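First comes the structure, then the notes that go with it.
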Amino acid sequence: MAINRKIYFAGSIRGGREDAEKYHQIINYLRSYGEVLTEHVGDDELLKQEKSLSEKEIHDRDMAWLTDCEYVVAEVTQPSLGVGYELAMALTMKKQVICFFHSGSGKRLSAMIAGQPYYKVKNYNEVSEIESYLREIF
Ligand code: 6IA
C-alpha cells in the first residue's frame, strides 16, 4: 500500500454542514489509502481551529494542498461554492478526481459536475458502499 499517497478530501463547509458525519466516515475510509490533507472538513472541532486563519490563509493553504495531492475525493451532495471551485481547479491541475453523490438525498447534482466526464461521479445510498468503491479505485 502506498502510504505516502496524498488525498485531498472536499466537502461543504459554508455551503451547509448537513452531511458532515458522512464526510467524517469517508475520511476514515480514505485514511487506509493515504494521507488525508483536509481532515478538518469532516471534523467540526478541527474546523473551529481554522477561525484563527484569515480567508486568504485558508484559500492559499488549501490551494497548496490541492497542488500537492495526487487524488481529489469530493462528497458533492450538498452544493458548495468552495467544493465546485476545488473541483474546477483539480481538473485544471489534472488531478485524479472521484465524486460521491448521495442518490437518496432528493437533490440533483449540478450539470456542471454531472456533465463533465473528467469527474468520475459515483452514486451511493449508504456511506458504507463508498468503502468498496474506494477499494476498487486504490
Ligand atoms: O464554500 P464552502 O465553505 O462550502 O467550501 C468548502 C470547501 O472549501 C472544502 O472542501 C474546503 O477544502 C474548503 N474550505 C472552505 N472553508 C474552509 C475552511 N474554513 N477551512 C478549510 N477549508 C475550507 C472555513 C471557516 C471555518 C472557520 C468554519
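The values are calculated or read from the model by the stated rules, or taken from the named source; none is laboratory data. Just so we're clear, the structure is a prediction, and the values are computed from it rather than from any experiment. With ideal geometry, Cβ positions are generated from the backbone for all residues, glycine too; neighbour counts draw on all protein chains shown. Heads up: the accessible areas ignore ligands, DNA and RNA and are worked out on the full protein's heavy atoms, side chains in. Shrake-Rupley method; radii C 1.70, N 1.55, O 1.52, S 1.80 Å.
Quick look at the numbers
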| item | result |
| --- | --- |
| Unique match (being among the basic types (Lys, Arg), more than 13 Å from the ligand (Cβ to nearest atom) and crowded, with 19+ Cβ neighbours inside 10 Å) among LYS6, LYS22 | LYS22 |
| Only listed residue being of a type in the set (Lys, Arg), assigned to a helix (DSSP H, G or I) and at pLDDT below 95, chosen from LYS22, LYS56, LYS51 | LYS51 |
| Members of region 97-114 that are open to solvent by 30 Å² or more (accessible area, probe 1.4 Å) and outside any strand (DSSP E or B) | SER103, GLY104, SER105, GLY106, LYS107, ARG108, LEU109, SER110, ALA111, MET112, ALA114 |
| Residue tally, condition more than 8 Å from the ligand (Cβ to nearest atom) and either closer than 21 Å to TYR33 by Cβ or among the polar types (S, T, N, Q) (or both), over region 79-101 | 12 |
| Complete set of residues in region 60-96 that are in contact (Cβ under 8 Å) with a residue 60 or more places away in the chain, open to solvent by 40 Å² or more (accessible area, probe 1.4 Å) and either touching a helix residue (DSSP H, G or I) at 6+ places or on another chain (Cβ under 6 Å) or charged (D, E, K, R) (or both) | ASP68, GLU70 |
| Yes/no for SER12 being within 11 Å of the ligand (Cβ to nearest atom), open to solvent by 40 Å² or more (accessible area, probe 1.4 Å) and among the hydroxyl-bearing types (Ser, Thr, Tyr) | no |
| Candidates GLU50, GLU45, GLU57 - the one that is more than 10 Å from the ligand (Cβ to nearest atom), open to solvent by 10 Å² or more (accessible area, probe 1.4 Å) and charged (D, E, K, R) | GLU45 |
| Residue tally, condition part of a loop (DSSP other than H, G, I, E, B) and either of a type in the set (Phe, Trp, Tyr) or within 20 Å of ARG14 (Cβ to Cβ) (or both), over region 27-47 | 4 |
| Verdict on TYR119 being open to solvent by less than 60 Å² (accessible area, probe 1.4 Å), modelled with pLDDT of 95 or more, among the hydroxyl-bearing types (Ser, Thr, Tyr) and out of contact with any Ser or Thr (no Cβ under 8 Å at 6 or more places or on another chain) | yes |
